[in-house]
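The values are calculated or read from the model by the stated rules, or taken from the named source; none is laboratory data. Note that the coordinates shown come from a computational prediction; the quantities given were computed from them, not determined experimentally. Here the Cβ is made from the backbone with ideal geometry for all residues, glycine too, and neighbour counts use every protein chain on show.
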């Protein structure tokens, strides 16, 4: 019996003599295997009018607020539907949200920055102090920071400390403006303890000095920048992004490649630049995943996932319009009953994270503009091993395959050939025996084994065992 354990998803590698997988779909990496990704489950009354152009959430004074935007308006989601907060917005490059104390700030690069105040939950007023327009927004300490400000592609502007509605420099105010002299256009900004300014050709750290200069700008990556603004997603001190050299992670001090010789070339080969401006990305902290919508179509038909604790990639085939970080709203049994009058027909479990207020959550809009999350039954999964010469220089007779998974009804496909240059011939096997094996009749020099798991309960997939015998040399 020959045991093959699933390796990393590495489509950049040749099909032959690789220890990785050429397909790992409908799953994410776990220690010593892969686990399922849940299918999309819509929330009640969560259908947005028109395509989603932005989403966000924050929690203040024990209350969770969830926001969504289409090209012309900003809304707040509630269990009974959307509350319209602002209308008449220009069709910008998407709406970006940033919480500041009790406020939620929103910008789209074209219109005046808006603020949501829980004291007036039915509207989103203009932010005071005449701030500049900005494509990107974040908060560093007590400063609100705007990037690509006033439609100047290299400009960063910031408010006075502790007052997001004071943008006048001078006197006791620490508000100000700075233009990046090199590095190209600004393509993103991340706040926190310090700021990270992403440009086309470099990454800059923005640190508060508490002196007359206010900020210190340190270049932490030269000739590496972000070329896909929607690819930026951050959690803690880790920020992931797509650079001109492939996928990277920045910890605030260094930039490290995470996709080199794994998925970088494959991504560029399947991506369509026509849809680069519709890419969105998010961190799923519960599963330690960086997740990106694949720019192959709009709405996207696939998610790209990276387990940043294990350093492994995978994909998930699902129709998605936009993804964002969210926080589950508080829900009482009475509130759930109002949303789902027939609890027996409710598509979610009562212990779903969607009903646990304050829980970090991945928010997603599907291709019907419905808000929801990936917590339904498992998506169909597929794994394809590398092409293997099981017995070097000779044929191998494969008598059976035993998938190493707790899925009840896996499907095995064996593609075989006798030449490195020949196309492989596939044969599919279903209905494994009580001992877990699927009897097969294959006789090839080269084989590629694929495992499919239809939508059904399963918790792990780790590889397969092959029962083989030595064949001839022909």
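Select, from 371, 451, the only residue that is part of a strand (DSSP E or B) and within 22 Å of residue 21 (Cβ to Cβ). Step through it out loud before you land on a result.
On the way: 371 fails: within 22 Å of residue 21 (Cβ to Cβ).
Only one candidate qualifies: 451.
Before we move on, is residue 154 within 30 Å of the chain's Cα centre (by Cα), modelled with pLDDT of 95 or more and surrounded by fewer than 21 Cβ atoms within 10 Å (Cβ to Cβ)? Yes; evaluated as a whole, the condition is true for this residue.
If you take the residues in the stretch 434-448 that are closer than 11 Å to residue 403 by Cα and in a loop (DSSP other than H, G, I, E, B), which one is farthest from the chain's Cα centre (by Cα)?
Taking the stretch 434-448 as the starting set, the residues that turn out to be closer than 11 Å to residue 403 by Cα are 435-438.
Remaining after also requiring in a loop (DSSP other than H, G, I, E, B): 435-437.
On the way: 435: 38, 436: 35, 437: 36 Å.
Taking the candidates together, the pick is 435.
Looking across 422, 407, one residue alone is buried (at least 16 other Cβ atoms within 10 Å of the Cβ) and part of a loop (DSSP other than H, G, I, E, B). It is 407.
Of the residues making up the stretch 164-171, one or more are more than 27 Å from residue 125 (Cα to Cα), without any contact (Cβ under 8 Å) to a residue 12 or more places away in the chain, surrounded by fewer than 17 Cβ atoms within 10 Å (Cβ to Cβ) and out of contact with any helix residue (DSSP H, G or I) (no Cβ under 7 Å at 6 or more places or on another chain). Looking for something over 24 Å from residue 307 (Cα atoms) and touching a residue at least 40 places away in the same chain (Cβ under 8 Å) - is there at least one such residue anywhere in the stretch 211-228? Yes, that holds for at least one residue.
Among the listed residues 320, 270, 258, which satisfies the condition of being surrounded by 22 or more Cβ atoms within 10 Å (Cβ to Cβ) and out of contact with any helix residue (DSSP H, G or I) (no Cβ under 6 Å at 6 or more places or on another chain)? Only one candidate qualifies: 320.
Is it the case, given these coordinates, that residue 143 is in contact with a strand residue (DSSP E or B) (Cβ under 6 Å, 6 or more places away or on another chain), over 21 Å from residue 89 (Cα atoms) and touching a residue at least 60 places away in the same chain (Cβ under 8 Å)? Reasoning before the result, please.
Details: in contact with a strand residue (DSSP E or B) (Cβ under 6 Å, 6 or more places away or on another chain): yes; over 21 Å from residue 89 (Cα atoms): yes; touching a residue at least 60 places away in the same chain (Cβ under 8 Å): yes.
Taking the combined requirement at face value, the residue satisfies it.
If you go through the stretch 76-104 and pick out every residue that is assigned to a loop (DSSP other than H, G, I, E, B) and either modelled with pLDDT of 95 or more or out of contact with any helix residue (DSSP H, G or I) (no Cβ under 7 Å at 6 or more places or on another chain) (or both), you end up with 11.
Condition (residue is in the same structural domain as residue 295 (by TED's automatic domain parsing), more than 30 Å from residue 52 (Cα to Cα), in contact with a strand residue (DSSP E or B) (Cβ under 7 Å, 6 or more places away or on another chain) and surrounded by fewer than 23 Cβ atoms within 10 Å (Cβ to Cβ)) applied to the stretch 184-201: is it met by at least one residue? Full working, then the answer.
The initial filter retains those residues of the stretch 184-201 that are in the same structural domain as residue 295 (by TED's automatic domain parsing), namely 184-201.
Going one step further and asking which of them are more than 30 Å from residue 52 (Cα to Cα), we end up with none.
No: zero hits.
Scanning the stretch 69-86 finds no residues that are within 30 Å of residue 437 (Cβ to Cβ) and either surrounded by 18 or more Cβ atoms within 10 Å (Cβ to Cβ) or under 25 Å from the mean Cα position of the chain (by Cα) (or both).
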